[in-house]
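Down below is the structure, laid out as structure tokens.
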Amino acid sequence: MDLLTRRPRGTNDVLPGESPRWLHIEDRIRDVCGRFGFSEIRTPIFEHADLYTRTSGETSDILEKETYTFQDRGRRMLTLRPEGTPGVARAFLENGLGSGPMPAKYYYLGPMFRYDRPQAGRYRQHTQFGVEIIGAPGPEADFEVIMIAVTFLRDLGLGSLAVHLNSIGCPACRPTYREALVSHYRAAQEELCEDCRRRLERNPLRLLDCKNPRCQPLKDAAPRSVNYLCPECQSHFRALEGLLDRFGIEHHIDLTLVRGLDYYTRTVFELIYHGLGAQGAVCGGGRYDGLIEAIGGPPTPGVGYGMGLERVLLTLEREGMHPPSTRGTDIAVLSAAGEEHPELRLQTLDLVYAMRWAGLAAETDYAGRGLRQQMRWADRIGARLVTVVGSEEIASGQVKVKDMAGGTETQVPLAELVARVSEMVRGPRT
RNA sequence: GUGGAUGUAGCUCAAUUGGUUAGAGCGUCGGACUGUGGCUCCGAAGGCUGGGGGUUCGAGACCCCUCAUUCACCCCA
């Protein structure tokens, strides 16, 4: 019934009070991406449903149960994007971006959609900041992707991070590992929890994700993917670790880290923020050397991540960090006109617009309230300066400008008001 | 999808074993001070107690359903 006045489940309004936090982190994103040489790419919020089924794999119930998929009026099956990477890969191919300078380095920022049960920092519409490097096969690209995330979070003041890292091999070596894993688990099939039995059949790598105590002994004894890597995958992984060491980035090899999407190869990683428990993972990504080929392009390596910004925001709040204050009102122009002096009111508006066109943040209350109330209002909105325009001022050509913080008033010729206020706000020119 | 907790004014919270007309602080608007803010005092607006059903003479409170939030799972893009 009051569906009309309630937002859909798992969505959020960003209210004016919250907006400066978003502006701040968006600002930091654009800055760090510029420094790292990443350009923004904007792709549609919906894509053909096939794009995601083709890339993310059939094993995950992600796509069947957790996407917003619908048919449009032209009977196309479309999906609200659940993540950024497939859309970027598609745009890369469709627009022939491979003929530009390689590797291609992109970042994106925007809403993603997933149909699951909301929790704090986890919503049906959430905002992701992601980066992709396409066309760079070596470990330096993996490193750069991790570093841009680490640098961004450090810039925000969230330095207390650890990189959790693993390598899940490539099409050459992963099958061997998968077999080893399956035979290890098959031997003890009866002891497994229900979920794990299903995983064993459908997606064996996920066995390592199980938190059921019953499966722990078996999991602890399970073969490790890093021991099954082919020489190429192994040296790639070692080199990445070496780079992280060299730059003093805290990292742990997490042998149970197996990301959910089928397209990952070699490196997978997560960034964990210390002391946040289940909400600690702020960022996850990895290498996807087979993805572009899977959607019909030439074999092209890629690596990237997605970062959930609501979770970053939540972390900032829990750490008591505040965004820098935004520009407020420079001057409130109060009107002593009242309703019976329309001409005076118009002269007040003349002044307000002259100030705005000169670059000042000028505000005026809509006429009608008493001066006391207007003053109170100017105080509430945080105006730095206040001036009053009335018949006395117009007649004498002199207005007073009051500094709200100190309470001091300065007499200023009306003709010079805009210039003088600009000086007071910006500091005198030298 | 599974289990637990919680829903009272814009916000934070009250309301005796189930008992008259659901209160306070903050915020908003207005007045004291009708041409000067912050402090103080006064006043007003603002509620189908999330929604629906049930028990009862009587429900904000108890029961059922539903919606939403939240925590832990599941999953993690």
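The values are calculated or read from the model by the stated rules, or taken from the named source; none is laboratory data. The structure presented is a predicted model; accordingly, all values stated were derived computationally and were not measured. FYI the Cβ positions are ideal-geometry reconstructions off the backbone, even for glycines, and counts take in every protein chain you see. Surface accessibility is based on the protein's heavy atoms, side chains included, excluding ligands, DNA and RNA. Shrake-Rupley method; radii C 1.70, N 1.55, O 1.52, S 1.80 Å.
Key figures for this structure:
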read-out	value
Hits in the range A:269-312 - residues which are open to solvent by 10 Å² or more (accessible area, probe 1.4 Å), part of a helix (DSSP H, G or I), in contact with a helix residue (DSSP H, G or I) (Cβ under 9 Å, 6 or more places away or on another chain) and more than 10 Å from RNA strand B (Cβ to nearest atom)	A:A294
Within the range A:325-430, strands (runs of 3 or more DSSP E) holding 3 or more residues that are under 30 Å from A:G17 (Cβ atoms) and open to solvent by less than 40 Å² (accessible area, probe 1.4 Å)	A:331-335, A:385-389
The range A:368-382 residues that are under 16 Å from A:D330 (Cβ atoms), paired with ones that are of a type outside the set (A, V, I, L, M, F, W, C) and within 6 Å of RNA strand B (Cβ to nearest atom) (beta carbon under 8 Å, 6 or more apart)	A:W377/A:R369
Pairs where the first residue, in the range A:384-399, is within 14 Å of A:Q374 (Cα to Cα) and touching a residue at least 12 places away in the same chain (Cβ under 8 Å) and the second is within 6 Å of RNA strand B (Cβ to nearest atom) and basic (K, R), C-beta under 8 Å, 6+ apart	A:L385/A:K402; A:V386/A:K402; A:T387/A:K400; A:T387/A:K402; A:V388/A:K400
Residues that are within 23 Å of A:A358 (Cβ to Cβ) and either near RNA strand B (Cβ under 6 Å from one of its atoms) or of a type in the set (D, E, K, R) (or both), drawn from the range A:378-404	A:R384, A:V388, A:G390, A:E393, A:K400, A:K402, A:D403, A:M404
Verdict on A:G169 being of a type in the set (G, A, S), within 30 Å of A:P298 (Cα to Cα) and touching a strand residue (DSSP E or B) at 6+ places or on another chain (Cβ under 9 Å)	yes
Out of A:E363, A:E416, sole residue that is under 41 Å from the mean Cα position of the chain (by Cα), more than 10 Å from RNA strand B (Cβ to nearest atom) and acidic (D, E)	A:E363
Residues of the range A:105-114 satisfying the condition of being open to solvent by 20 Å² or more (accessible area, probe 1.4 Å) and either more than 7 Å from RNA strand B (Cβ to nearest atom) or over 24 Å from A:R42 (Cβ atoms) (or both)	A:K105, A:Y106, A:L109, A:P111, A:F113
Close pairs from the range A:22-50: first assigned by TED's automatic domain parsing to the domain that holds A:P86, partner in a helix (DSSP H, G or I) and open to solvent by 90 Å² or more (accessible area, probe 1.4 Å), Cβ under 9 Å, at least 6 apart	A:E40/A:R30
Residue list for the range A:405-429, filter: within 11 Å of A:L360 (Cβ to Cβ) and among the hydroxyl-bearing types (S, T, Y)	A:S422
Conditions (1) modelled with pLDDT under 90; (2) within 30 Å of A:H322 (Cβ to Cβ); (3) buried (at least 19 other Cβ atoms within 10 Å of the Cβ): number failed by A:T55	(2)
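Yes or no, residue by residue, for (1) in a helix (DSSP H, G or I); (2) touching a helix residue (DSSP H, G or I) at 6+ places or on another chain (Cβ under 6 Å); (3) modelled with pLDDT under 75:
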| site | (1), (2), (3) |
| --- | --- |
| A:M147 | yes, no, no |
| A:G159 | no, no, no |
| A:C170 | no, yes, no |
| A:T176 | yes, yes, no |
| A:E179 | yes, no, no |
| A:H184 | yes, no, no |
| A:C196 | yes, yes, no |
